[in-house]
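The values are calculated or read from the model by the stated rules, or taken from the named source; none is laboratory data. If you're wondering where the values come from, they're calculated on a predicted model, not measured in any experiment. Cβ: placed from backbone, ideal geometry, glycine included. Neighbour counts: every protein chain shown. Ligands, DNA and RNA are excluded from the accessible area calculation, which covers all protein heavy atoms including side chains. Shrake-Rupley method; radii C 1.70, N 1.55, O 1.52, S 1.80 Å.
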Amino acid sequence: MDKLREKISHLREESNIANERADSLDATVKQLMDERTEREQDIISLQNRITRLEEEAEVREKQLDDAKEIQKNSEASLNESDVIMKKVDTLQEKYDEIEIQLRESQKETHRLDLENEKLNRVITQNEKDREDADKRYDELYEKYLKVKEDLDETIKALDDI
């Protein structure tokens with residue numbers, strides 16, 4: 001009788017532990033989902049920034065091409081030519097800066113993609129762990145009900161004696 005009570009107590013403890021683990025896994029999954037959402041928003045923001053920088057780079061390239069075309073066709077004086085060259089140089093420098101920013105944004109996007117993939121793997125593993133814990137809980141609960149039924153039958157049999 002004491003062994004049976006100890007066994008029931010042990011099964012209850014295992015059930016409580018399984019419930020706590022499931023709750024912990026739920027919290028972890030929620031946290032990871034929140035982080036994933038935040039990362040996705042960061043990615044969208046960076047993609048928008050990349051798009052803007054690419055558009056600006058295209059504008060700058062057009063301006064640079066226009067300035068070079070003006071320089072070619074210009075038969076103006078040396079001063080005008082110097083001014084245009086300075087503008088071309090300035091535009092080229094700005095273009096180079098934008099190009100560097102674009103590369104950095106692309107690297108950051110790639111890093112965030114990798115981090116997002118890592119988080120997805122963690123979420124998948126946590127979901128699998130949770131499913132395993134739920135399955136284990138169900139098995140233990142079935143055992144508990146069977147043991148309880150056996151205990152009730154034993155108690156009834158003892159009461160009948």
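Checking the structure you have, find out if any residue of segment 90-106 is open to solvent by less than 80 Å² (accessible area, probe 1.4 Å) and within 17 Å of the chain's Cα centre (by Cα).
no
Residues of segment 119-140 being in contact with a helix residue (DSSP H, G or I) (Cβ under 7 Å, 6 or more places away or on another chain) and open to solvent by 100 Å² or more (accessible area, probe 1.4 Å), which ones?
The one that is in contact with a helix residue (DSSP H, G or I) (Cβ under 7 Å, 6 or more places away or on another chain) and open to solvent by 100 Å² or more (accessible area, probe 1.4 Å): Arg136.
Show the residue pairs meeting these rules: Cβ distance below 6 Å; 6+ apart or different chains; first residue within segment 43-69 and closer than 21 Å to Val83 by Cβ; second residue in a helix (DSSP H, G or I) and open to solvent by 90 Å² or more (accessible area, probe 1.4 Å).
Partner pairs satisfying both residue conditions: Ala67/Lys87.
Can Thr37 be described as free of Cβ contacts under 8 Å to residues at least 60 places away in the same chain and surrounded by 11 or more Cβ atoms within 10 Å (Cβ to Cβ)?
no
Quick one: what pairs do we get from segment 1-21, first residue open to solvent by 50 Å² or more (accessible area, probe 1.4 Å), second outside any helix (DSSP H, G or I), C-beta under 7 Å, 6+ apart or different chains?
Nothing qualifies.
Looking at segment 132-154, can you tell me whether even one residue there is of a type outside the set (Ser, Thr, Tyr) and within 22 Å of the chain's Cα centre (by Cα)?
No, every residue in segment 132-154 fails to be of a type outside the set (Ser, Thr, Tyr) and within 22 Å of the chain's Cα centre (by Cα).
Determine, yes or no, whether Val83 is over 23 Å from Glu35 (Cβ atoms), open to solvent by 60 Å² or more (accessible area, probe 1.4 Å), β-branched (Val, Ile, Thr) and assigned to a helix (DSSP H, G or I). I'd like the intermediate steps shown before the answer.
On the way: over 23 Å from Glu35 (Cβ atoms): yes; open to solvent by 60 Å² or more (accessible area, probe 1.4 Å): yes; β-branched (Val, Ile, Thr): yes; assigned to a helix (DSSP H, G or I): yes.
Criteria met by Val83.
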